[in-house]
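This report concerns only the one structure given below.
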């Protein structure tokens, strides 16, 4: 097997290369494996590199390690998707690293020797159009907060959940709701203002917020959380439980949250909407979203 490390040098605090490259080189030499290291140059470079390698070497078993955040993992997964000779792995070097939190011991993903010795298991993916999502799709509050978080991190010491909470405060100051039509596979239609819509393969977003707490990456289901438009005071009253993933049991949630597990849904804005895909923000129109069960081979460190 060829071990190929897709290194995003500006991940984390723009120090991923200095932190992880020496550890990668030490690990591959200790494990005596065939390897390559590709430093990404810009958005989309990692995806294109992975896809081209899969096309060029269809008979060679390839494992691609995304060394970066959830966005880097998304690029690697989109590049490898559909190629039976490819599997992916995740070395969390970003600021959120939420996909790793879906496993019992997220810090095990930092043990590169253990990663090299790891074995692949099947995970589900979320599919929309010709794109796939590894962890989560967010619309509304979570999406706007991601945009604000980047500015907050640049200008302050706040990181992870604290940056998310600060972003929530900034977004709620505008008191904006998001007019969407959401149609579930069972035929139910929700046409209203939402504070947020989250569609999860994994359970975590925002650097550790367990927003869709029942989600599992291999259960063949999408976990969908629809939160009606609320004011800042109401959302603040259960944000600590939202972080822990215990918010569904609160009285507030019973009034404002619709939580379902399904295999498909449609989300339609009046015009366009911002969507956050594995931590990266894009603009989109109507989305037809579905789960792709057992879609990808994902390597798990051998100490898990």
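Available extension along the chain between residue 244 and residue 21 is 77.0 nm, counting 0.36 nm per residue and deducting the alpha carbon span. When the Gaussian network model of the chain links Cα atoms closer than 10 Å, the mean-square fluctuations of 72, 183, 195 top out at 183.
Model label points for residue 214 and residue 13, set 7 angstrom from Cα along the Cα-to-Cβ axis, are 4.0 nm apart. Taking Cα atoms only, the orientation of helix 160-173 departs from the longest principal axis of the chain by about 30 degrees. The radius of gyration of the Cα set in the range 212-304, together with its Dmax, comes out at 15.9, 48 angstrom. Note on the chain: with a GNM built from Cα contacts shorter than 10 Å, the maximum mean-square fluctuation among 238, 209, 282 falls on 282.
Counting only alpha carbon atoms, the long axis of helix 141-155 and the longest principal axis of the chain meet at about 60°. Note on the chain: helix-only mean residue ellipticity at 222 nm, from DSSP H runs of 4+ residues weighted -39500 (n - 2.57) and normalised by residue number, equals -9000 deg cm²/dmol.
Hey, fewest Cβ within 10 Å first, where do 55, 37 land in order?
55, 37
Among 54, 205, 276, a tally of other beta-carbon atoms within 10 Å of each Cβ gives an order, fewest to most, of 54, 276, 205. Modelled label positions at residue 193 and residue 271, each set 7 Å beyond Cα in the direction of Cβ, lie 1.7 nm from each other. Against the main long axis of the alpha-carbon atoms of the chain, helix 16-31 sits at an angle near 40°.
Computed from the coordinates by the stated procedures, all read-outs in this text should not be read as laboratory data. Because the structure is a prediction, the values reported are computed rather than measured. Backbone-built Cβ (ideal geometry, glycine too); neighbour counts: all protein chains shown.
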